Amino acid sequence: MQKNIKQEMSLLCHFGKIIKISQDPRVKRSDFFNKAKPNIKAVCEKFKIKPMQALFLAYFIDQSDDRSITLKDIAAPLKLSKIQMLKHMDYIDGLVSKKIIRSSYNKYRLIESDNIECYYVPSNVINAVRKNQEFIPENYNNLNLDQFFSALETLFYQRKEGEIKCADLVAELKVLLKDNKQLNISETIINYNLDNEELVLLLRFCHLLINEDDDYVGSHNFDDIFDRAVTLRRIWKSLQSETHKLCEIELLEPANRGGFGDPEYFKLTDKAKEDLLAGLDISKKKAKNCRELKKYEDLVEKKLFYNEKEEVQIKRLTALLHNDNYKLVEDRLGKSGMRTGFACIFSGAPGTGKTETAYQIARETKRAIFYVNISETKSMWFGESEKKIKEIFDKYRAVVDDAKKAEKNIPILLFNEADAVISKRRDIDVSPVAQTENAIQNIILQEIENLNGILIATTNLTENIDKAFERRFIFKIDFEKPALNVRTSIWLSIIPDLSAEDAASLSKQFNFSGGQIENIARKRTVDTILSGNTPTLKDMIAYCQEEHLGKSETMIGFSLGAK
C-alpha cells in the first residue's frame, strides 16, 4: 500500500501530507515519523536529505512565496521553542549547503539593526517540486569562459537581490574558481592568494567590465556586496591611497590616471586584462553591445534648405566626410604630426536643422551615428556623470577600432544639445555641482584633443560656449533662421499643395525656423484628417500664431487678410 502511495502522489502532495500530519493534534510527536514515513521517504529520495530535513523543507515550501522566511516562521507552526530550533540548526544548514534553501539578509527589514537570519526557496527547487522531479543543484563544473562569466553574473545578481549573504557569495565564488581551474582566469586568481574581500572585489571588477561593459567603477558599485558600510569605506580608502593589495600587485588603478580630478573611480589595469581576460575581445564586445549606434541605412532621406553661407559650409564638410577624401586627409594630417580627429560644432536657434543636418551628412557619407543624449549623462551620484562621459568615449573608441579593422566607414559621434557640457566653466567654489560640471568638461576637452574620429556637437547657445572648446572645433557652422526665400522653399517642400502665393505670404508674415514650419504642417495634417476639410489660409495663420506661445514673430508693418 505504501508503494502505491509513492507512485500516485506528487511531491506537492507529499509535502502537504507531511504538514497535515505534523499539525494533527491526535498524532504524538514521537509517532510523527512513523505516521508520515511514506511521504518523508519520497521527499528524502528526491532531495537526498534526512527525515528531519524533509519535515523542515515541507514548511519552507509552504512559505516559498516569501523571500525572507525566518526561523520563527518555521518554528511557530511546529510549536518548537527557540532552544529546540537551535538544536536542529545543523539540519537547516545542511539544506543550505545543498542549495535546497538559500540563506539571505532581509532586504526589507525596517531598521538596520534588525539583522535577522532569513531564508528563501530558490526557483529551481520550486520548479523541481512542481514537476515532481529529482532536484539537481546547479553545476558550475568545467565551464567555458562565456559560461564562467554568466555564472559570475548570476551570483552577483543574487547578492544584489538579497538572495544570498556576502559569506555565501564568497563561498560560491571560491567553488566557481576551484571547479574551473582549466580556465586561465581561475588558475591565475587562485595563485594570487587573495583574502575574501580582495577576491570579491577583483571578480566584481571583472564582472562589471565583461557583463556590464563598465570599466569606470565607483564605490556605489559595491553597495550591494559587503554587509557593512564600514567595510566598503575601509576598502575604498585603501584604493584611493593605492595601498590596497590589488593596487600593489598592479591589478587595479585609478580610472582617471593622467587626467583630472581625484581618483574616485577605478578600473582593471592593462596587466589585469591581459592576465585574466585573455581570450575575450573586450573592444569587440563593446562595439557589438553599443546600443547608441544608428545605422545610416535607417536614416530617412530628407531635403533640407539652408541660407547661402551655411550651404557652402555644409557641402564642404560633407565632401570631407566622404570616405576617400576622409582617409586621404587623415593620412596627410597624421604624417604631418597633426591631430587626425575632426570635431565640429553646429550652433543656432532650435528648429534650424542642426541635428537633422548631422543625420543627412551621415546618410550621404554612409556613416553610422553614435548618438549621445546629454541629458542621460546627468546623474544623482556625485561623480557618476564623469563616469558616463568617459564610458561614451571608451565605447566610441571601441566602435571606431572595430570599423577600421573591418575596413568600414567610422561612425560620427553626435553630441546633441551639448550646451550643458561645453558651456563656460563655473567657479568651483560656488557648489559641488560646478566642480562636477568642470570635471566633465576637462574630460571632454582631453578626449577631443585625442579624438580619433568624427565628433559633431550641436548647441543652441553659441555665446555661452567656453573658449577652450571653441578652439578645439575645426568646423564651426552657425545655423541662422532661414532667409525669406529659404522659408518659402521650406513651406512649399513640407506642404506641396500650398500655393506659391500663400507660401510667400506666410514666409513674409512669420519669421519661423524650419522646425516651426514643420510643426504647423503636422497640425494642418491632423486637422485635415479630423475634419475632412483642407485648412484655409486663415486656419494656417491661426496655427502660426499659436506656434510661438504668445510671442509674436509677425513681421512689423505687415498684415495679411484671409482668403
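The values are calculated or read from the model by the stated rules, or taken from the named source; none is laboratory data. Predicted model, so just to flag it, every value in this text is computed and none were measured. No Cβ is skipped: glycine too gets one built from the backbone with ideal geometry, and neighbour counts run over all protein chains shown. Keep in mind that these areas ignore ligands, DNA and RNA; they rest on the heavy atoms of the full protein, side chains included. Shrake-Rupley method; radii C 1.70, N 1.55, O 1.52, S 1.80 Å.
Structure notes:
- Search result, residues across region 366-389 that are modelled with pLDDT of 80 or more and more than 14 Å from K294 (Cα to Cα): I389
- Being of a type in the set (A, V, I, L, M, F, W, C) and closer than 30 Å to H14 by Cβ is not true of I189.
- Those helices (runs of 4 or more DSSP H) of region 443-516 in which 1 or more residues are surrounded by fewer than 20 Cβ atoms within 10 Å (Cβ to Cβ), modelled with pLDDT of 85 or more and over 37 Å from the mean Cα position of the chain (by Cα) occupy 484-494, 500-509.
- Hits in region 407-423 (condition: among the small types (G, A, S) and either part of a helix (DSSP H, G or I) or at pLDDT 85 or above (or both)): A420
- Pick from region 47-60, criterion surrounded by fewer than 22 Cβ atoms within 10 Å (Cβ to Cβ) and touching a helix residue (DSSP H, G or I) at 6+ places or on another chain (Cβ under 6 Å), ranking: nearest to G16 (Cα to Cα): Y59
- Some residue of region 175-189 being out of contact with any helix residue (DSSP H, G or I) (no Cβ under 8 Å at 6 or more places or on another chain), part of a helix (DSSP H, G or I) and farther than 26 Å from E250 by Cβ: yes
- The residues listed here are A319, A272; of these, the one that is hydrophobic (A, V, I, L, M, F, W, C), modelled with pLDDT of 70 or more and surrounded by fewer than 17 Cβ atoms within 10 Å (Cβ to Cβ) is A319.
- Which numbered condition R363 fails, given (1) at pLDDT 90 or above; (2) out of contact with any Ser or Thr (no Cβ under 7 Å at 6 or more places or on another chain); (3) not in a helix (DSSP H, G or I): (3)
- Residue among K267, K271, K237 that is basic (K, R) and in a strand (DSSP E or B): K267
- Of the residues making up region 220-259, those that are without any contact (Cβ under 8 Å) to a residue 40 or more places away in the chain, under 16 Å from L203 (Cα atoms), within 22 Å of the chain's Cα centre (by Cα) and crowded, with 17+ Cβ neighbours inside 10 Å number 2.
- For the criterion of being out of contact with any Pro (no Cβ under 9 Å at 6 or more places or on another chain) and open to solvent by 30 Å² or more (accessible area, probe 1.4 Å), I18 fails.
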